[in-house]
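In what follows, a single structure is set out as structure tokens and then discussed.
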Amino acid sequence: MSTEGLQAMLDTAVTAARHAGRLQKERLWGEFTFSFKGEVDIVTEVDRACEELIVSRIRAAFPDHSFLAEENLYDGGDPAWRWVIDPLDGTTNYAHGFPWFCVSIALEHEGELALGVIYHCMMDELFTAVRGGGAFLNGRPIRVSSRTPLRHSLIATGFPYDAARGNENNFRNFFELQLAARGVRRAGAAALDLAYVAAGRLDGYWECKLKPWDVAAGALLVREAGGMVTNHKGEPHRVGDHRILASNGLIHEEIEALLERAEKPTPLL
């Protein structure tokens, strides 16, 4: 993969993300329809419009590439080059007019993350990373924090849509980490949580029951910013894993130990 070719792919992703973000900002607080993908998991017409915009722009530039995106299935394309797209991460926030959401676009090459783009349109913050090339916010290099221990750290998490009914609801994890950290935030957009770890604004983040498009771009950002990304057992995180733990690396083992304790099966009496 040439540097010039990868830069062209990054430029295309950035352009698509900015255009999708502009659409999101224009439609926020306006009238739009939404439907349910599950009992409480919603999708808006803005999600679908943004995904169509992103996929069409990337496909026009790289017609042989394949796609994995949240709202539609895309057949065909070269699996060696796969774009992983969340057109609007934080849909519930968006539908309620809560301005915390983003566009997330990643590219895998032969199963490895090659680039990632996260665009937070409400703050005009563009996070970018290329494998081996570092992480950036609006063109300036970013690094994870140097904060330690966990008691002095600010971390983040989220809860699955079916938390009220599912067994893997993250409640026990939250209880353990809330007691151990300076604070835990739950803002509702996994990609932005990861971008904020990369930028040193958060010191760690964990979640469960995630999809590839939730974490692909953000995981690369954290790694390229000098952080650590694993599953909850400390094993290297893969895009298809449904559990993630990302941190500045300094508090990683502390969080991992608490998650292990919280996730142990409760013995029957």
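The values are calculated or read from the model by the stated rules, or taken from the named source; none is laboratory data. Everything numeric in this text was worked out from a predicted model, so none of it was measured. Positions of Cβ are generated from backbone atoms using ideal geometry, with glycine treated the same way; all protein chains shown enter the neighbour counts. Note: areas computed on protein heavy atoms with side chains; ligands, DNA, RNA excluded. Shrake-Rupley method; radii C 1.70, N 1.55, O 1.52, S 1.80 Å.
For segment 99-118, which positions are over 18 Å from Ile54 (Cα atoms) and either surrounded by 15 or more Cβ atoms within 10 Å (Cβ to Cβ) or in contact with a helix residue (DSSP H, G or I) (Cβ under 6 Å, 6 or more places away or on another chain) (or both)? First the steps, then the outcome.
Step one: of segment 99-118, the residues over 18 Å from Ile54 (Cα atoms) are 99-100, 109-113.
Those that are over 18 Å from Ile54 (Cα atoms) and either surrounded by 15 or more Cβ atoms within 10 Å (Cβ to Cβ) or in contact with a helix residue (DSSP H, G or I) (Cβ under 6 Å, 6 or more places away or on another chain) (or both): Pro99, Trp100, His109, Leu113.
Condition (residue is farther than 16 Å from Leu259 by Cα and assigned to a helix (DSSP H, G or I)) applied to segment 175-191: is it met by at least one residue?
Looking through segment 175-191, at least one residue is farther than 16 Å from Leu259 by Cα and assigned to a helix (DSSP H, G or I).
Say whether the condition of being surrounded by fewer than 17 Cβ atoms within 10 Å (Cβ to Cβ), touching a Lys or Arg at 6+ places or on another chain (Cβ under 8 Å) and within 18 Å of Thr92 (Cβ to Cβ) is met by at least one residue in segment 172-191. Reasoning before the result, please.
Taking segment 172-191 and keeping what is surrounded by fewer than 17 Cβ atoms within 10 Å (Cβ to Cβ), we get 172, 175, 178-179, 182-183, 185-186.
Narrowing further to those that are touching a Lys or Arg at 6+ places or on another chain (Cβ under 8 Å): 182.
Narrowing further to those that are within 18 Å of Thr92 (Cβ to Cβ): none.
So far as segment 172-191 goes, no, none of its residues is surrounded by fewer than 17 Cβ atoms within 10 Å (Cβ to Cβ), touching a Lys or Arg at 6+ places or on another chain (Cβ under 8 Å) and within 18 Å of Thr92 (Cβ to Cβ).
Here's the yes/no breakdown for (1) among the aliphatic types (A, V, I, L, M); (2) within 19 Å of Gly227 (Cα to Cα); (3) modelled with pLDDT under 95:
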{"position": "His65", "(1), (2), (3)": "no, no, no"}
{"position": "Glu70", "(1), (2), (3)": "no, no, yes"}
{"position": "Pro87", "(1), (2), (3)": "no, no, no"}
{"position": "Ala95", "(1), (2), (3)": "yes, no, yes"}
{"position": "Arg143", "(1), (2), (3)": "no, yes, no"}
{"position": "Pro149", "(1), (2), (3)": "no, yes, no"}
{"position": "Tyr161", "(1), (2), (3)": "no, no, yes"}
{"position": "Phe171", "(1), (2), (3)": "no, no, yes"}
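Applying the selection to segment 243-269, what residues are assigned to a loop (DSSP other than H, G, I, E, B) and among the basic types (Lys, Arg)? Don't jump to the end; show me each part of the working.
Of the residues in segment 243-269, the ones assigned to a loop (DSSP other than H, G, I, E, B) are 248-251, 263-269.
Within segment 243-269, just Lys264 meets the criteria.
Tell me which residues, restricted to segment 232-242, are over 14 Å from the mean Cα position of the chain (by Cα) and either assigned to a loop (DSSP other than H, G, I, E, B) or of a type in the set (Gly, Ala, Ser) (or both).
His232, Lys233, Gly234, Glu235
Scan segment 26-38 for residues that are surrounded by 13 or more Cβ atoms within 10 Å (Cβ to Cβ) and modelled with pLDDT of 90 or more and jot them down.
Arg27, Leu28 - these are the residues of segment 26-38 that are surrounded by 13 or more Cβ atoms within 10 Å (Cβ to Cβ) and modelled with pLDDT of 90 or more.
Could you tell me whether segment 119-131 includes any residue that is in contact (Cβ under 8 Å) with a residue 24 or more places away in the chain, more than 18 Å from Ala219 (Cβ to Cβ) and touching a helix residue (DSSP H, G or I) at 6+ places or on another chain (Cβ under 6 Å)?
yes
Out of all the residues in segment 72-93, is one or more in contact (Cβ under 8 Å) with a residue 60 or more places away in the chain, aliphatic (A, V, I, L, M) and open to solvent by 20 Å² or more (accessible area, probe 1.4 Å)?
So far as segment 72-93 goes, no, none of its residues is in contact (Cβ under 8 Å) with a residue 60 or more places away in the chain, aliphatic (A, V, I, L, M) and open to solvent by 20 Å² or more (accessible area, probe 1.4 Å).
Of everything in segment 206-231 that's in a loop (DSSP other than H, G, I, E, B) and open to solvent by 40 Å² or more (accessible area, probe 1.4 Å), which residue is modelled with the highest pLDDT? Working first, answer last.
To start, the set of residues in segment 206-231 that are in a loop (DSSP other than H, G, I, E, B) comprises 209-211, 225-227, 231.
Going one step further and asking which of them are open to solvent by 40 Å² or more (accessible area, probe 1.4 Å), we end up with 209, 211.
Details: Lys209: 91, Lys211: 95.
If we take residues in segment 206-231 being in a loop (DSSP other than H, G, I, E, B) and open to solvent by 40 Å² or more (accessible area, probe 1.4 Å), then Lys211 is modelled with the highest pLDDT.
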